[in-house]
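The values are calculated or read from the model by the stated rules, or taken from the named source; none is laboratory data. Given the structure is predicted, the values throughout are model-derived calculations rather than measurements. Counting neighbours? That spans all protein chains shown, and the Cβs are built from the backbone with ideal geometry, glycine included.
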């Protein structure tokens with residue numbers, strides 16, 4: 001299946017997958033792309049979140065999940081029987097014509113699809129496709145951070161001076177913002193997201209580095225990563241998601257212990273605030 005050209009382009013096949021927001025209207029939007037590049041199969045959504053939100057408002061999350069599930073189901077069919085097996089609509093999404101091409105990576109395939117089929121998938125959106133999960137993960141971290149700090153400030157107004165403080169993590173380096181920073185305690189916040197697990201791991205590792213370094217450079221007594229972890233028995237998670245979260249949680253724990261950083265797992269914002277207060281007081 002794989003062949004290469006002299007400029008590192010590899011054989012690929014793909015098809016667009018269309019979505020009809022209003023059934024029977026005849027108006028179709030390209031929701032995503034399913035295909036293979038080299039030996040790797042992928043299905044990627046390219047329809048922007050803001051487009052879906054403009055159509056469905058508060059119900060946009062449900063539409064996004066439906067599209068993502070349909071793309072995932074299409075990928076399973078394609079992996080087992082090839083793109084040609086995608087002939088009928090699946091969960092409201094309709095496959096287009098199979099195209100054969102060559103590309104350096106799947107991102108280049110997405111660019112081709114956007115140029116051919118989608119006025120609602122800007123090139124900037126395609127270029128940022130790999131960055132989007134990290135951005136959404138960081139937004140979740142910021143919300144968790146802000147909510148925990150709000151509760152801590154309400155319970156202990158005397159701790160407000162320690163909120164959102166900056167300190168360097170390298171000699172002569174630019175200061176880094178910490179959710180909580182006192183002579184006794186440095187805290188950063190993170191969220192272990194069941195869907196964006198890879199982004200969650202990347203974020204946690206960067207915060208562990210900051211917490212390790214701030215202790216060394218600024219002589220802070222102790223540091224902690226307060227991490228929101230979804231309950232493992234929640235019915236909405238697949239078994240694969242549960243195993244993935246457990247594996248990542250264990251790895252973060254090992255890495256935190258290796259750099260002498262406290263990992264404080266919490267399920268709720270209230271628990272997060274209580275842990276910050278407890279750690280500062282001890």
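For the reader, a short list of remarks on this structure follows.
- Members of the range 265-275 found to be outside any helix (DSSP H, G or I) and surrounded by 17 or more Cβ atoms within 10 Å (Cβ to Cβ), listed by number: 266
- Where strands (runs of 3 or more DSSP E) sit wholly within the range 36-115, those with at least 2 residues that are within 19 Å of the chain's Cα centre (by Cα) occupy 40-45.
- Condition met for residue 96 (crowded, with 16+ Cβ neighbours inside 10 Å and assigned by TED's automatic domain parsing to the domain that holds residue 38): yes
- Matching residues, the range 236-264, being under 19 Å from the mean Cα position of the chain (by Cα) and not in a helix (DSSP H, G or I): 236, 237, 238
- Scanning the range 168-184 for residues that are in contact (Cβ under 8 Å) with a residue 12 or more places away in the chain, part of a strand (DSSP E or B), more than 14 Å from residue 149 (Cα to Cα) and under 26 Å from the mean Cα position of the chain (by Cα) gives a single hit, 176.
- Residue check, residue 109 farther than 12 Å from residue 17 by Cβ, at pLDDT 85 or above and surrounded by fewer than 20 Cβ atoms within 10 Å (Cβ to Cβ): no
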